[in-house]
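See structure below.
Just so it is clear, none of the values below were taken in a lab; they were calculated from the coordinates. Fair warning: this is a prediction, and the values are worked out from it, not measured in the lab. Backbone-built Cβ (ideal geometry, glycine too); neighbour counts: all protein chains shown.
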């Protein structure tokens, strides 16, 4: 059987504070909620918690160091009928002690972002914080199972238009879930009854799927509106005309008025986000005049002649020429 000090990664002569610190670091790292579906890490977490239940208690640690109890907390010497076998009530007391030591280890450390000590130990050891009834029998923990978090990455367009995505749960079960149109980055989808089972026989917890929406190279979102910056040529800005604009639903044609400036914003009504029972958002197109990538002498000559006969100052409102 493995040495308890080795399990916590400390030396036999370590101080109580060092043992407590080592356990807190390992418990946060190995917590089942931070490693959903990883059975090896879940077993390691149980092992670490059981080790701290003994080494975190001065009397138990002293007995362990003296060889009176083994790494599981069982007596090494016979003490009557059934010696060497841990009874149900003994396991219950060990579980209760593990819970107490866990609470002590995290006391004053702030709230645990992955759930309370009661949730952890009721799942791992099958007992409730409330304690035990007459005769040392465990009270049934009639508490709903833990909610299990998941993360789902989806594209910007799938988030905007809606989609069906397949997720694999920590149990190995696969589900096809509907992503509603207009889902936002960080929004949570709850799958009822797909979380951890209840150790006391109550309802299972839920699966909480957090949606991460990937960036799009052109589109950005503000509420239910879509924004895009669209390049246009100098002649399109001066003479106007028809241009093609990408939208969530494909390309559309938009008319440009003559003499439109860079930075002008045009609206495509109803081309934004569609959501159930809500008016769809709009798409806003911000125009950006872009010169040719290669220097154009003819364009420069035309602008030179135009400048000589057409004086105007777009910066006059700022008090500068």
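In plain terms, the residue of 70, 301 with the fewest other Cβ atoms within 10 Å comes first and the most crowded comes last, giving 301, 70.
Counting Cα-Cα pairs of the range 220-318 in 10 Å increments starting at 0 gives whole-percent bin shares of 13, 36, 28, 15, 6, 1. Sorted ascending by nearby beta carbons within 10 Å, beginning with the fewest, 185, 321, 147 become 321, 185, 147. If eta is 1.002 mPa s and T is 20 °C, what Stokes-Einstein diffusion coefficient results for the range 154-247, Kirkwood Rh from Cα pairs, in µm²/s? Reported coefficient: 130 µm²/s. As a proxy for reagent exposure, ranking 21, 269 by other Cβ atoms within 10 Å from fewest up yields 269, 21.
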